[in-house]
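Worksheet: the structure to be examined is printed underneath.
A short reminder: the numbers here are calculations on the coordinates, not readings from a lab. Model, not experiment: these values are computed from the prediction. All Cβ positions, glycine included, derive from the backbone under ideal geometry; neighbour counts span all protein chains shown.
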Amino acid sequence: METVSALRVKSLYKVYGNRADKAAEILRNSADGDEKLADLSVTAAVVDANFEVRRGEIFVVMGLSGSGKSTLIRMLNGLLPPTHGTVEVDGIDITKLKPAALRKLRREKISMVFQHFALQPHRSVLDNAGYALEVAGLPRAERREKALQALRMVGLDGWADKLPQELSGGMRQRVGLARALAAGTEIMLMDEAFSALDPLIRREVQDQLLELQAELGKTIVFITHDLNEAMRLGDRIAVMRAGRIVQIGTAEEILTDPSNDYVAQFVADVDRTRILTASAVMERPLGVVDVNSGPRVAARVLRETQTSAVYITGRDKRYLGTVTADAATQAVREGRKNLQEIVSTEYARTVADTTPVADIFAPCAESPAPVAVVDAAGRLAGVIPRVTLLSALGSISPDVSESTTTPEPTGTADPAPTNDAAQTSDAIPASDDVGTASTGSGPAATPEVPAQVVAEPSARMTGGPA
Ligand SMILES: Nc1ncnc2c1ncn2[C@@H]1O[C@H](COP(=O)(O)OP(=O)(O)OP(=O)(O)O)[C@@H](O)[C@H]1O
Ligand SMILES: [Mg+2]
């Protein structure tokens, strides 16, 4: 049976210095071990690391310079022997392997991409890309074919015969990536692989990695000291501080629920609008009406909820659109029975629950009614009123002000009154006659949106780091 974890690290320590073993023992056995290490003149680079990397995930290790990231990653492929603890690759404890067996395992299972590419200057791009295969003793033709295929994946097949020096930094790093891909290993370790690149190039290579990953589903351990890079790439992120992993979680978990002040400070100035998604800020819709229940029910729910539109769902709770108060009233007057005929998709814009908050501002500004949030199955997951978006933005901004003024966003037209955050669900009476109408229902998680409204929202929207 295949294990879910590609890598499993247990109670892992690396101490540098002559009395490393002694130091690791002290660290393991006493709470105030760090202080006792002072006279041993050792460096505790990794202290009690415990984690698993799942198959197919990008696991980011993030931390300041000197926090132990490189030391940790080098123990994952056995380049560095740990002072204590185990590293399992596909269930095999590599700390117990003999050198030859370890080399074989590295060749077959783990590739590494380095910050400075580690390309050989006198060999062609093609030979560099096929280097691992050469070491593995593959015949030339096969090597060539695999290396070319890998170069094609990173968009460099036209450069096969060039020398590394003829390439830009970004292209050289893609050769480094191609070399790891050509090796065909399931696990890829990347130590600050993109850190030497200019910001724009860096973004391109990040995009490329994400694209490749969507296709190939490698297991990647990616080291960076750049928080935004970590948040962009990582399925999960481990935050390291002075040798210890202080938190492991998704970008969203780390942003919204930092395990301590250190992590909170670390993430204080990340551009949260790129990380948080619609599902993190959405609210329960005030009025949801089943499409089969008819215009009369829609009109009643509109009256009860004092909103300008209700959200209509069909079979399996799939979201169909909205019905406005005007449309409902007119349909009732004309004696129409079918709600489907008056459902509109114009009045409320729709976004996916995975849409980053940064990309919701425009639909929110254009949408007379709160934006509808739809999950992967097309069901109505929640709604985002404009005011909610702005106050949520306030609560996720590091410099939220205490101001309670200026409730309206600047420069957005507001053609219709909508159910804004001022309305609470206890304004909704229990429905009486019709079972298909519901108010305040739906699977939306209730976000913690502070009541205060934030001044100068537009300034803060663009205030994140570039
Ligand atoms: N070979 C070594 N001998 C002694 N100390 C070392 C050695 N390698 C690293 N260290 C020390 O171990 C600690 C962790 O270093 P490491 O290189 O793992 O950190 P890092 O998080 O990768 O830092 P950076 O972001 O600068 O690459 C540092 O204090 C470093 O000085
Ligand atoms: Mg390092």
Requested in this report: Normalise the Cα radius of gyration of segment 180-292 by 2.2 N^0.38 Å (N = residues in it) and let me know the number.
Outcome: 1.32
Report summary line: Straight-line reach check, residue 162, cutoff 27 Å on alpha carbons, 8 or more apart in-chain or any other chain, hits among lysines -> 146
Query raised in the report: Plugging the Kirkwood radius over Cα pairs into Stokes-Einstein for segment 5-270, at a temperature of 37 °C and a viscosity of 0.692 mPa s, what D comes out in µm²/s?
Result: 170
Requested in this report: Give, as a single signed number, the net charge of other residues whose beta carbon lies under 12 Å from the beta carbon of residue 374, with Lys and Arg counted +1 and Asp and Glu -1.
Outcome: +2
Report summary line: Semi-axes a, b, c in Å (a largest) for segment 264-365, each sqrt of 5 times a Cα gyration tensor eigenvalue, come to 34, 12, 11
**Report entry** Residue (of 322, 238, 267) at the positive-pole extreme of segment 184-332, dipole from beta-carbon charges
**Finding:** 322
Report summary line: Residues meeting the amide H criterion for residue 57 (H placed from the backbone, H to H distance under 5 Å, 5 or more places apart or on another chain) are 220
Query - Given charges at beta-carbon only (K, R positive; D, E negative), |dipole| of segment 5-270 in Debye - result: 1140
Report task. Take 70, 11 and order them by how many other Cβ atoms sit within 10 Å, fewest up front. Result -> 11, 70
Requested in this report: Take 51, 266, 222 and order them by how many other Cβ atoms sit within 10 Å, fewest up front.
Outcome: 51, 266, 222
Query - Above-threshold pairs, the threshold being 30 Å between Cα atoms, out of 10/109; 36/109; 10/36 - result: 36/109
Report summary line: Neighbours of residue 48 by Cβ distance under 9 Å: Lys/Arg at +1, Asp/Glu at -1, summed charge +2
Query raised in the report: In segment 46-151, with Lys and Arg counted as +1 and Asp and Glu as -1 at Cβ, which of these residues, 131, 70, 85, has the Cα nearest the positive end of the dipole, that is, farthest along it?
Result: 131
Report summary line: Quick numbers on segment 27-84, Rg and Dmax over C-alpha atoms in Å, give 13.4, 43
Query raised in the report: What's the exposure ranking of 16, 131, going from fewest to most Cβ atoms within 10 Å?
Result: 16, 131
Query raised in the report: What's log10 of I(q)/I(0) for segment 61-183 at q = 0.09 Å⁻¹, Debye sum over Cα points only, no solvent?
Result: -0.30
Requested in this report: Compute the separation of the alpha-carbon centres of segment 253-330 and segment 142-176 and state it in Å as a whole number.
Outcome: 47
